[in-house]
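Here the structure is laid out as structure tokens; the discussion comes afterwards.
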Amino acid sequence: ENLIISMLELDEWKFDKILSDSIIKIGFEETLVQLMHPFFVKIGLLWQTGSINPAQEHFVSNLLRQKLIVAIDGQAPVGRDNKKNFILFLHENELHELGLLFYSYLLKKNGIKVIYLGQAVPFQDLKKIIDIQKADYFLTSFTTGITEKDLKDYLIRMSETFPEQIIFYTGHQTSKINGSLPKNLNKIESVKHFQEIIKTL
């Protein structure tokens with residue numbers, strides 16, 4: 001509730017203090033899992049229903065984005081010979097990258113190589129990247145509104161274009177998918193779920 005108040009009031013000091021206190025108590029990773037992830041799920045719902053000003057969501061998103069980038073930069077470089085290789089990206093119409101940044105942090109923290117492409121990546125560019133740099137896994141997220149058909153079509157296109165890669169997908173929009181998908185498509189149900197996946201890689 002205090003985080004929501006700090007967002008509504010555009011109070012950077014209050015937001016930063018809540019975050020810093022939590023990091024001191026339970027650490028950066030657990031603060032993101034236990035505090036920030038549920039918070040952003042909640043404000044995502046508030047944003048979609050028009051209950052908050054998009055500028056307020058951008059305000060807190062950018063504060064957390066700064067902290068994530070610093071945390072990612074603080075991880076030790078992953079060796080070139082590392083066999084585990086992830087490409088992280090968002091599709092052409094997707095700009096919400098906080099979740100993707102957090103997954104990048106988790107992967108790098110666990111010594112896994114990340115090629116981070118970020119927001120709004122054209123599909124044809126993914127094919128060019130694979131030609132340049134081999135990768136075992138893709139990871140993408142869907143937050144911005146998209147129809148179930150367009151989402152399934154996109155994922156199936158990914159599966160068919162990259163049959164040798166495992167494709168992880170997550171995000172609020174994926175809850176609308178019904179029916180089976182190709183075997184190389186794997187849904188990330190939660191941050192905790194992805195932490196468990198990392199242990200098996």
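The values are calculated or read from the model by the stated rules, or taken from the named source; none is laboratory data. Predicted model only: the values in this text are computed from it and were never measured. Neighbour counts are summed over all protein chains in view; Cβ atoms, including those assigned to glycine, are modelled from backbone coordinates with ideal geometry. For accessibility, only protein heavy atoms count, side chains too; no ligands or nucleic acids. Shrake-Rupley method; radii C 1.70, N 1.55, O 1.52, S 1.80 Å.
Solvent exposure of region 35-131, expressed per residue, is 51 Å² of accessible area, with all protein chains present and a 1.4 angstrom probe. Residues whose amide H lies under 5 Å from that of residue 84, counting only those 5 or more places away or on a different chain, are 113; hydrogens are built 1.01 Å from N in the peptide plane. Between residue 76 and residue 2, the C-beta separation translates, for a Förster distance of 35 Å, into a calculated FRET efficiency of about 0.55.
Amide H contacts for residue 144 (H built 1.01 Å from N in the peptide plane; partners 5 or more residues away or on another chain; cut-off under 5 Å): 95, 96.
Across region 19-27, coupling constants 3J(HN,Hα) worked out from phi with the 6.51/-1.76/1.60 Karplus curve, θ = phi - 60°, read 5, 5, 4, 5, 4, 5, 6, 10, x Hz, and Gly and Pro carry x. Computed from backbone phi with θ = phi - 60° and the Karplus coefficients 6.51, -1.76 and 1.60, the 3J(HN,Hα) list for region 34-43 is 8, 10, 6, 4, x, 4, 6, 4, 5, 6 Hz; x is used for glycine and proline. Highest mean packing first, where packing is the average number of other Cβ atoms within 10 Å per residue, the peptides 186-196, 59-69 line up as 59-69, 186-196.
Please report, as a whole percent, how much of the solvent-accessible surface of region 1-157 comes from carbon and sulfur atoms (probe radius 1.4 Å).
Result for region 1-157: 54 percent of the exposed heavy-atom area is carbon or sulfur.
A cut-off of 5 Å between modelled amide H atoms, ignoring neighbours fewer than 5 places along the same chain, links residue 138 with 87, 166, 167, 168. What whole-number distance in Å separates the alpha-carbon centres of region 20-43 and region 58-117? For region 20-43 versus region 58-117, the Cα centre distance is 17 Å. Can you tell me which lysines have their Cα less than 26 Å from the Cα of residue 127? Leave out same-chain residues fewer than eight positions away. Cα-Cα hits under 26 Å: 83, 84, 108, 113, 149, 152, 183, 187. Karplus-based coupling profile of region 148-156, in residue order and whole Hz: 4, 5, 4, 5, 5, 4, 5, 5, 5, with θ = phi - 60° in 6.51 cos²θ - 1.76 cosθ + 1.60 and x standing for Gly or Pro.
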